[in-house]
Amino acid sequence: MDANTLNKKVQDALSEIRPFLESDGGNIELVSITNDVVKVKLLGNCVNCSVNQMTLKNGVEMTIKKYAPEIKEVINIS
């Protein structure tokens, strides 16, 4: 799959999860996709949230893998 298609799939996944993050005063942005690893940056209230790792794995990573099953991992960079 070409990089543009993969990027669109990941952006679509983030668009699905973004309203949930925004409802808690947070947000997320895509930083990069390299070797089937997505790097994102949690923003707003998500930065200091005590459950942000659970949100990242159970929410963000699961949603991204639904759109792009070839993604192996999602990492938050701060």
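Select from segment 57-74 the residues that are open to solvent by less than 20 Å² (accessible area, probe 1.4 Å), assigned to a helix (DSSP H, G or I) and at pLDDT 95 or above and list them in ascending order. Talk me through it step by step, then tell me what you get.
Taking segment 57-74 and keeping what is open to solvent by less than 20 Å² (accessible area, probe 1.4 Å), we get 59-60, 63-64, 68, 71, 74.
Keeping just the survivors that are assigned to a helix (DSSP H, G or I) gives 59-60, 63-64.
Across segment 57-74, the qualifying residues are THR63, ILE64.
Collect the residues in segment 1-15 that are among the acidic types (Asp, Glu) and open to solvent by 70 Å² or more (accessible area, probe 1.4 Å), keeping them in residue-number order. Of everything in segment 1-15, just one residue is among the acidic types (Asp, Glu) and open to solvent by 70 Å² or more (accessible area, probe 1.4 Å), namely ASP2.
Could you please let me know if ILE28 is open to solvent by 30 Å² or more (accessible area, probe 1.4 Å), touching a residue at least 12 places away in the same chain (Cβ under 8 Å) and not in a helix (DSSP H, G or I)?
Details: open to solvent by 30 Å² or more (accessible area, probe 1.4 Å): no; touching a residue at least 12 places away in the same chain (Cβ under 8 Å): yes; not in a helix (DSSP H, G or I): yes.
Against the criterion (open to solvent by 30 Å² or more (accessible area, probe 1.4 Å), touching a residue at least 12 places away in the same chain (Cβ under 8 Å) and not in a helix (DSSP H, G or I)), ILE28 does not qualify.
If you go through segment 31-51 and keep only what is closer than 16 Å to MET62 by Cβ, buried (at least 17 other Cβ atoms within 10 Å of the Cβ) and of a type in the set (Val, Ile, Thr), you end up with VAL38, VAL40. The residues of segment 46-78 that are among the hydrophobic types (A, V, I, L, M, F, W, C), under 19 Å from ASP12 (Cβ atoms) and in contact (Cβ under 8 Å) with a residue 40 or more places away in the chain, listed by number, are VAL60, ILE64, ALA68, ILE71.
The values are calculated or read from the model by the stated rules, or taken from the named source; none is laboratory data. Note that the coordinates shown come from a computational prediction; the quantities given were computed from them, not determined experimentally. Note: ideal-geometry Cβ built from the backbone for every residue, glycine included; neighbour counts use all protein chains shown. These area figures cover heavy atoms from the full protein model, side chains too; ligands, DNA and RNA do not enter into them. Shrake-Rupley method; radii C 1.70, N 1.55, O 1.52, S 1.80 Å.
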